[in-house]
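> Quick one: the structure is below, questions incoming.
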Amino acid sequence: MLAYDDDCVFADPFVSFSGTQRFVNNVSNLGGLMEDIKLNITDWEEGEGSLKASWTFSCILDLPWKPKLAAGGSTTHIFDEDSGLVVKHIEEWSVEPGKVAKSLLKPGMPYPTSKAEVFMMNVSEGDVKGVWFELSPLAFKFSAPVVALSLVANALTGDGPHLLPGGFEATAYSVATLAALTEVIKFIGQLI
């Protein structure tokens, strides 16, 4: 960071701010999540008081579903005439920032290797059925104890459901039933 002025302006398609310390903090936060980093400088162009480097970049983020972050673009460095330090660091991307952000929902591997990857692939593709199929075991795990508690209370007191406030019990019964049916359907699907 010695080549940068302390108040250098950093800008990319997502954000713009001043100060090398904030840049270092941002890179440190994201950098700790990056694996398999690939950065290629594809071209550069010297201008009067500036240098523009074109690049391609990709990495895998160390999140449970291992999304791939990839972009191409350029970085222009504007130099102070007197000090020779970089006073502006401006990134331009050749892909829309929204597409890059959306790609972070999708696992980077061609085939999902974990439940988190399967879940995020379904989310990124808008597959509601797939999302539910991944969530149903968890939904059953959390709703079944509420149903069991309600049934035990009913057996001991002779009083029906409504042990818990509002529609909580009814929701738990519905979720547990739907989740159990989903698991049965998944099991039958494996047999066929």
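Read-outs: derived from the displayed coordinates by stated rules, not from any lab. As the structure is a prediction and not an experimental result, all values here were calculated from the model. Methodologically, a virtual Cβ is constructed for each residue, glycine included, from the backbone with ideal geometry; neighbour enumeration extends over all protein chains shown.
> Output yes when any residue across the stretch 144-165 is more than 30 Å from W55 (Cβ to Cβ) and in contact with a Pro (Cβ under 7 Å, 6 or more places away or on another chain), and no when none is. Break it down stepwise before answering.
First, the residues of the stretch 144-165 that are more than 30 Å from W55 (Cβ to Cβ): 144-165.
Still in the running and in contact with a Pro (Cβ under 7 Å, 6 or more places away or on another chain): 150, 154.
Checked the stretch 144-165: at least one residue is more than 30 Å from W55 (Cβ to Cβ) and in contact with a Pro (Cβ under 7 Å, 6 or more places away or on another chain).
> Within the stretch 54-67, is even one residue aliphatic (A, V, I, L, M), surrounded by fewer than 14 Cβ atoms within 10 Å (Cβ to Cβ) and on the phi < 0 side of the Ramachandran plot?
Keep residues of the stretch 54-67 that are aliphatic (A, V, I, L, M), which gives 60-61, 63.
Applying the additional criterion that residues be surrounded by fewer than 14 Cβ atoms within 10 Å (Cβ to Cβ) yields none.
There is no residue in the stretch 54-67 that is aliphatic (A, V, I, L, M), surrounded by fewer than 14 Cβ atoms within 10 Å (Cβ to Cβ) and on the phi < 0 side of the Ramachandran plot.
> Give just the number: which of (1) free of Cβ contacts under 8 Å to residues at least 60 places away in the same chain; (2) loosely packed, with under 13 Cβ neighbours inside 10 Å does F14 not satisfy?
Of everything listed in (1) free of Cβ contacts under 8 Å to residues at least 60 places away in the same chain; (2) loosely packed, with under 13 Cβ neighbours inside 10 Å, F14 misses just condition (1).
Per-residue answers, yes or no, for (1) touching a Gly at 6+ places or on another chain (Cβ under 7 Å); (2) free of Cβ contacts under 8 Å to residues at least 24 places away in the same chain; (3) loosely packed, with under 15 Cβ neighbours inside 10 Å; (4) farther than 30 Å from G49 by Cα:
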site	(1), (2), (3), (4)
A71	no, no, no, no
L85	no, no, no, no
H89	no, no, no, no
K102	no, yes, yes, yes
Y111	no, yes, yes, yes
E125	no, yes, yes, yes
K129	no, yes, yes, yes
F133	no, no, no, yes
F140	no, no, no, yes
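> Of the residues I41, I60, which is out of contact with any Pro (no Cβ under 8 Å at 6 or more places or on another chain) and either assigned to a strand (DSSP E or B) or acidic (D, E) (or both)? Spell out the reasoning first.
Values: I60 fails: out of contact with any Pro (no Cβ under 8 Å at 6 or more places or on another chain).
Only one candidate passes the filter, namely I41.
> Further question on the same structure: Would you mind stating whether G19 is more than 26 Å from W65 (Cα to Cα), of a type in the set (G, A, S) and surrounded by 14 or more Cβ atoms within 10 Å (Cβ to Cβ)? Before you say what the answer is, go through the steps one by one.
On the way: more than 26 Å from W65 (Cα to Cα): yes; of a type in the set (G, A, S): yes; surrounded by 14 or more Cβ atoms within 10 Å (Cβ to Cβ): yes.
So G19 passes the test.
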